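J.: Take this structure, written in structure tokens, and hold onto it; I'll ask about it next.
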Amino acid sequence: MAGKKTDATARILQIICLSLIAFGLVFSSGMSSQASEKWYVSLYTGQYSDTALNEIVRLNTAYEDSHVYVLSVGKGLGGYKDLIGYELEGQVARHAGKQDHTEVNCAFTLRWLPFIWDKYLDTSFAFGNGLSYATSDPELEIRESDDHRTNQLLYYILVEFAFSLPQRPDWDLFVRVHHRSSVFGLIGNISTGSNFVGWGLRYRF
């Protein structure tokens, strides 16, 4: 039985990875010559939110005394008609408070670029998804699980708004939701996850 669960999890992860690669290839066929392909580095911190991701997006959340500190490095992979940019990002995260472990994440991100007020405050909205690996089972995910267990390898999602001054386009201040999920039991046959809400600073070069 355990072997079947492992095989199912492996197939799900393969499908996710192949879907992300295919999605990037489709977008690359319409790449704009003006698209950004810069590298970037960012630092951000977040606090644990004991609410679901959809509630956080609606600005309805409750926080607990657990924090994450993240260093990320990424690269712009191009864009589509100056409307959408796409990026690949890797992260190393350290947890403190009610959790004490390290986390490694990777994500493919789509970034919506144009907003009508960009000449005053350049704004973008990003949604990324990928994989997250924790060096030990996160305590808060164990607590939130129906059967009090989690998986070190889970699905990863980021949701972000970023802001920069038009005269300093290489610097972004951003707010982000940092989310790990078992995808409603698809990974590891468990139902759990965690959300951190925070802010950070990014430099593109």
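J.: Assign unit charges at the C-beta atoms only (+1 for Lys and Arg, -1 for Asp and Glu), then state the dipole size of the range 46-134 relative to its Cα centre in Debye, rounded to the nearest 20.
T.: Values: 7 positive and 11 negative charges, 56 e Å.
About 260 debye.
J.: Show the residues, 5+ positions off or on another chain, whose built amide H is closer than 5 Å to the amide H of Thr51.
T.: Under 5 Å from the amide H of Thr51: Ala62.
J.: According to the square roots a ≥ b ≥ c of the eigenvalues of the Cα gyration tensor, what is the shape class of the range 132-189, taking rounded for a/c under 1.5, prolate for a/b larger than b/c otherwise, and oblate for the remainder? Write down the numbers at each step before the final one.
T.: Working: a/c = 3.50, a/b = 3.23, b/c = 1.08.
Here the range 132-189 falls in the prolate category.
J.: To continue, here is another question. Distance between Cα centroids, the range 83-106 to the range 145-205: provide it in whole Å.
T.: Going from one Cα centre to the other spans 7 Å.
J.: Among the aspartates and glutamates, which fall within straight-line cross-link reach of Lys81, defined as a Cα-Cα distance under 18 Å, with same-chain neighbours fewer than 8 residues apart omitted?
T.: Filter leaves Glu37, Asp118, Asp122.
J.: Using the Cα gyration tensor of the range 50-137, with a ≥ b ≥ c the square roots of its eigenvalues, what is the shape: rounded (a/c below 1.5), prolate (a/b larger than b/c) or oblate (neither)? Don't skip to the answer; put the middle values down first.
T.: Details: a/c = 2.56, a/b = 1.51, b/c = 1.69.
Cα axes put the range 50-137 in the oblate bin.
The numbers here are math on the coordinates, done by the rules we state, and not lab data. Predicted model only: the values in this text are computed from it and were never measured. Cβ: placed from backbone, ideal geometry, glycine included. Neighbour counts: every protein chain shown.
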